[in-house]
1. What is the calculated FRET efficiency for residue 33 to residue 86, with r their C-beta to C-beta distance and R₀ = 25 Å, to the nearest 0.05?
2. With viscosity set to 0.692 mPa s and temperature to 37 °C, compute the Stokes-Einstein D of segment 66-199, Rh being the Kirkwood radius across alpha carbon pairs; µm²/s, no decimals.
3. At what distance in nm do the modelled label points of residue 46 and residue 75 sit from each other, each positioned 7 Å from its Cα along Cα→Cβ?
4. Mind ranking 83-91, 119-127 by how tightly packed they are, going by the mean number of other C-beta atoms within 10 angstrom, highest first?
5. For an R0 of 22 angstrom, estimate the FRET efficiency from the Cβ-Cβ distance between residue 95 and residue 168 and round to the nearest 0.05.
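Each reported figure results from applying straightforward, stated rules to the coordinates on display, with no laboratory input. Because the structure is predicted, anything quoted here is derived from the model rather than measured. In this analysis, Cβ positions are derived from the backbone assuming ideal geometry, glycine residues included, and neighbour counts consider all displayed protein chains.
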Amino acid sequence: MFPFVGRKTIITGDPKFSYRYFTGSPDDDVLRHIAKELARLYQTHDGDVVFLCIGSDRSTGDSYGPFVGSMLKESRFPHPLYGTIEDPVHALNIQQTLREIRSRTREPLIVSVDACLGVTDRIGSILFNEGPLIPGYAVRNPLPGVGACHFKGIVNHLDPHYPADSLNSTRLDTVLRLARITSDIILDSVLLATSENASHP
């Protein structure tokens, strides 16, 4: 769980990138840009691209990551995937999961997925940024940063005094909508990478 700090959307050249998509926006170009960025990772990284979907099924707001993981798993996602509603990755097992990733994958590049809290008018946004995210920061239980890049779904507003209440009062509809869009972006990136590989044997 990571709080959103308001800033301008920046799209820069390789390798730095930062995208923000609002689910009510009629402009889907940013979704295609994110899919292309992920496809580039698959094609340029020599090792495994691993998806780490962080969160808990015991909190509505914090279930964004596990729902993304479950949706990808149900779609027979071809890349290594950790964190689902059935088998979530959270504060109590994330270090063990990272050790497992290092032992089971080859030169892993981790794409992390987690929920975040932000200002009210940013609820429903999906962020895709270069660099690690810091799980647990919003609820004052920060863990070491994880991921070469990451998705964050802004699921609710941040109450600085009672952040856990913000998570627990999050609408499930918001979480599922963000999770579906995020999983669709990731699945589109796989199709894009596959089609590009087929056209350039």
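1. Details: r = 32 Å, r/R0 = 1.26.
It comes to 0.20.
2. Numbers: Rh = 15.8 Å.
D = 207 µm²/s.
3. Between residue 46 and residue 75, the simple spin-label model gives 3.0 nm.
4. Details: 83-91: 20.2, 119-127: 17.2.
Descending mean neighbour count gives 83-91, 119-127.
5. Details: r = 25 Å, r/R0 = 1.13.
Plugging the Cβ-Cβ distance into 1/(1 + (r/R0)^6) gives 0.30.
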